[in-house]
Amino acid sequence: MKAGSKYAFTLAEVLITLGIIGVVAALTLPTLIANYQKQVSLTGLKKNYSILSQAIEFAQAEHGDDLKGWNSSDGPFQWYYNNQFLINVPNLFNYLSESVNFAKVVEVSFGGNANVTFCDLPDGQPYKWLDGKTNVNSGNGGYWSAAWAQLQDGSCWFIADTKRANSSQIMTNVMIDINGNKNPNRLGRDVFVLSINQNGKISGYAPGWYQSECKPGNNRAGEACAAKIIEDGWQIKKDYPW
């Protein structure tokens with residue numbers, strides 16, 4: 001080689017190198033993207049869990065530890081229906097707003113099996129179960145009392161008057177959308193369900209049921225995915241149906 005001479009890549013070598021880079025990217029990018037999305041979901045769920053827990057604790061300090069005793073004459077747990085509690089959801093949000101600065105609280109009403117839509121989700125774009133295809137609906141007969149609230153960061157909480165027998169430890173369930181009306185609006189991804197218990201503790205919905213309620217193939221699955229994450233030590237493990 002003469003002094004001062006330089007090596008250069010041929011076009012073929014450049015194309016081969018780019019091809020290798022493309023193959024590696026195609027193999028690794030989906031995993032990197034999925035891991036990032038999982039971390040975003042986990043962080044959002046943790047944040048909302050913490051805010052809700054602190055709001056309940058604050059209200060307990062003001063109104064008592066047993067949620068069934070919260071100002072029963074005009075509080076959120078004032079009604080009975082066929083010997084079951086029916087929660088006055090707007091009043092419940094009033095209790096929570098004593099420590100949470102909601103951007104807004106909106107009362108809603110569903111009839112029949114109307115699809116569940118909240119957080120200013122455009123009409124015709126209801127929430128989906130875990131399969132990403134089947135619409136979440138309000139159930140037979142709709143709700144007696146339901147409302148949703150938006151937090152300052154854009155996340156939303158939806159609460160309906162879950163009927164519970166007097167002996168039940170679960171007072172009501174909270175559907176949480178960690179990123180507001182942004183997609184995918186899907187249970188187990190950016191939408192999770194937590195339960196408020198009589199003693200004020202917050203848990204995932206239906207702990208232990210995630211074997212059937214948080215796995216592919218069940219078109220109504222997704223409700224117990226928060227419970228799975230919590231029971232797995234606040235991790236989204238490899239067996240999580242992402």
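Results, tabulated for the structure shown:
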quantity	calculated
Any pair with Cβ under 9 angstrom, 6 or more apart, that starts in segment 109-131 at a residue that is in contact (Cβ under 8 Å) with a residue 24 or more places away in the chain and surrounded by 22 or more Cβ atoms within 10 Å (Cβ to Cβ) and ends at one that is among the acidic types (Asp, Glu) and in a loop (DSSP other than H, G, I, E, B)	130/223
Segment 8-52: number of residues that are touching a residue at least 40 places away in the same chain (Cβ under 8 Å) and small (Gly, Ala, Ser)	3
Flag for residue 223 being modelled with pLDDT under 80 and of a type in the set (Asp, Glu)	no
Exclusive hit being modelled with pLDDT under 85, on the phi > 0 side of the Ramachandran plot and surrounded by fewer than 12 Cβ atoms within 10 Å (Cβ to Cβ), set 71, 83	83
Extreme residue, modelled with the highest pLDDT, among residues of segment 101-139 that are in contact with a helix residue (DSSP H, G or I) (Cβ under 8 Å, 6 or more places away or on another chain) and assigned to a loop (DSSP other than H, G, I, E, B)	102
Flag for residue 200 being at pLDDT 90 or above and in contact with a helix residue (DSSP H, G or I) (Cβ under 6 Å, 6 or more places away or on another chain)	yes
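The values are calculated or read from the model by the stated rules, or taken from the named source; none is laboratory data. What you see is a predicted model, and the numbers here were worked out from it, not measured in a lab. Virtual Cβ from ideal backbone geometry, glycine too; neighbours counted across all protein chains shown.
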